[in-house]
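> First the structure, then my questions, so here it is.
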Amino acid sequence: MTQDELKALVGQAALAHVVPGELVGVGTGSTVNHFIDALAGMKDRIAGAVSSSDASTARLLAHGIRVLDAAEVTQLPVYIDGADEIDGRGHMVKGGGAALTREKIVADLAERFVCIADASKQVAVLGGFPLPVEVIAMAAPRLVRRFAALGGSATLRLKADGQPLLTDNGHPLLDVRGLQITDPLAMEAEISQWPGVVTCGIFARHRASLCLLGTPAGVQTLV
Ligand code: 5RP
């Protein structure tokens, strides 16, 4: 099976975790796109969705799924999203799709985080995938030096035209290579309190309650 077929498999399997009659939190990325397409088949049995990006909102609306603003919602039973890396305890690196800030906000509203990922995302130790960090632009040079002190090499994420990529919130992103994230909770806490960091792409406080991992042998459950 191709990686995309594995993503489609878990996108479909995630429907079993959507609570009928309730809202569902929806992440961002190619795996979530498969989930959104599958969710369209049960759109009349949910109250609507809370989205983590402009891209996911557009896809949900195109399917006729009602989208509520996160600010209107006090609680969600479940948030469903992909990951760039996930370890055996459900700690994740996220933000490859630049949506990490809204993803963490919507995940924070949810009782459960169901991660959907193809098997290539499973790792023993986080850090092989460059860690995305959304930052305030004026702090970027200082933050690059802070990451260097941790052994990481941080670079500004650029668009194809060479200009800095900006998130849906209008901020640039650093991608940090070379970090060995052996204590995800501690590193998330440390980086998150540096002035100028908007959101760190380590999801340890908001780790997955459950991961549906797409493998050639079928959907396996992690965590
Ligand atoms: C977006 C994310 C995505 O969940 C992550 O990048 C995985 O994406 P994909 O499902 O396309 O592999 O964190 O910010």
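> Report, in debye and to the nearest 20, how large the dipole of the chain comes out about its Cα centre when Lys and Arg carry +1 and Asp and Glu carry -1 on their Cβ.
I would put it at about 300 debye.
> Within the set of other residues whose C-beta is less than 13 Å from the C-beta of Val10, count the net charge using Lys and Arg as +1 and Asp and Glu as -1.
Cβ neighbours under 13 Å give a net charge of -3.
> Ok, one more. Would you calculate the separation in nanometres between label points at Ala217 and Ala119, each defined as 7 Å from the Cα along the Cα-to-beta-carbon direction?
Computed distance between label sites Ala217 and Ala119 equals 0.8 nm.
> Treating the beta-carbon of each Lys and Arg as +1 and of each Asp and Glu as -1, no other charges, what is the dipole magnitude of region 1-86 about its Cα centre, to the nearest 20 debye?
Charge dipole, region 1-86, about its Cα centre: 280 debye, nearest 20.
> Another question about this same structure. Take each of the peptides 57-66, 10-19, 85-94, average the number of other beta-carbon atoms within 10 Å over its residues, and list them starting from the highest.
Those peptides, ordered most packed to least, come out 85-94, 10-19, 57-66.
> Can you give the local net charge around Leu156? Use residues other than it whose beta-carbon is closer than 15 angstrom to its beta-carbon, Lys and Arg +1, Asp and Glu -1.
Every neighbour counted, the sum reads +3.
> Given labels modelled 7 Å from the Cα in the Cβ direction, how far is it in nm from Leu15 to Arg145?
Placing both labels 7 Å beyond Cα along the Cβ direction yields 5.4 nm.
> Hey, another quick one. Which whole-number percentage describes the relative contact order of the chain, with Cα contacts under 8 Å and a sequence gap of 6 or more?
23
> For Asp183 and Asp4 in one chain, what is 0.36 nm times their gap in residues minus the Cα-Cα distance, to one decimal in nm?
Separation in residues times 0.36 nm, less the Cα-Cα distance, equals 61.4 nm.
> Determine the distance separating the Cα centre of region 155-171 from the Cα centre of region 62-108; give it in Å without decimals.
Here the two parts' Cα centres lie 21 Å apart.
> Tally Lys/Arg at +1 and Asp/Glu at -1 over every other residue whose Cβ is under 11 Å from the Cβ of Asn33; what's the total?
Net of charged neighbours comes to 0.
> Show me the ranking of peptides 152-162, 22-32, 100-110, 184-194 by mean Cβ neighbours inside 10 Å, starting with the highest.
Result, highest mean Cβ count within 10 Å first: 22-32, 100-110, 184-194, 152-162.
> Compactness ratio of the chain: Cα Rg over 2.2 N^0.38 Å, N = residue count?
After normalising by residue count via 2.2 N^0.38 Å, the value is 0.98.
Bear in mind that the values in this text are calculations on the coordinates, not laboratory data. Because the structure is predicted, anything quoted here is derived from the model rather than measured. Virtual Cβ from ideal backbone geometry, glycine too; neighbours counted across all protein chains shown.
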